[in-house]
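The values are calculated or read from the model by the stated rules, or taken from the named source; none is laboratory data. Owing to the predicted nature of the structure, the values given are computational and were not obtained by experimental measurement. Using ideal geometry, Cβ is built from the backbone for each residue, glycine included, and neighbour counts are taken over all protein chains shown.
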Amino acid sequence: MKVRMPVRPGAVLLEIANVDPARSLAELRREERIRLINTLVRCQLPWTGDEGYKKAEVTGGGVSLAEIDSRTMESRRHKGLYFCGEVLDAFGPIGGYNFLWAWATGRAAGTAAAAPAELAQ
């Protein structure tokens with residue numbers, strides 16, 4: 001099964017990175033792959049503000065918690081893919097719990113994702 005990024009964000013990312021969308025990832029030169037990764041990591045997402053605390057909500061409907069390892073936040077479907085924060089299907093009351101969830105799952109995912117790199121050194 002091939003997993004793909006949605007067409008519009010993918011097309012924009014490729015355009016910003018100046019990478020030919022007709023070529024597969026395997027066909028890209030090293031410097032093109034690095035440019036694509038740097039664009040993805042450093043790309044700023046525009047936003048226009050918020051609606052204030054009275055409208056604040058916890059986002060739900062993301063990746064199912066049953067599909068990840070809760071110790072490492074790694075996907076059970078795609079090894080090496082980690083999730084954290086509101087990308088996950090988790091609900092909770094507003095008032096700081098979202099931040100705790102984001103920080104705790106982010107730390108777990110980051111620590112687990114870094115572990116293979118540390119072992120390779």
Does region 44-58 include one or more residues that are at pLDDT 90 or above and surrounded by 13 or more Cβ atoms within 10 Å (Cβ to Cβ)?
no
Within region 91-121, how many residues are modelled with pLDDT under 85 and closer than 30 Å to residue 52 by Cβ?
9
Can you say whether residue 95 is small (Gly, Ala, Ser), assigned to a loop (DSSP other than H, G, I, E, B) and closer than 25 Å to residue 116 by Cβ, as far as the supplied structure shows?
no
Looking at the structure I just gave you, is residue 17 at pLDDT 90 or above and surrounded by fewer than 10 Cβ atoms within 10 Å (Cβ to Cβ)?
no
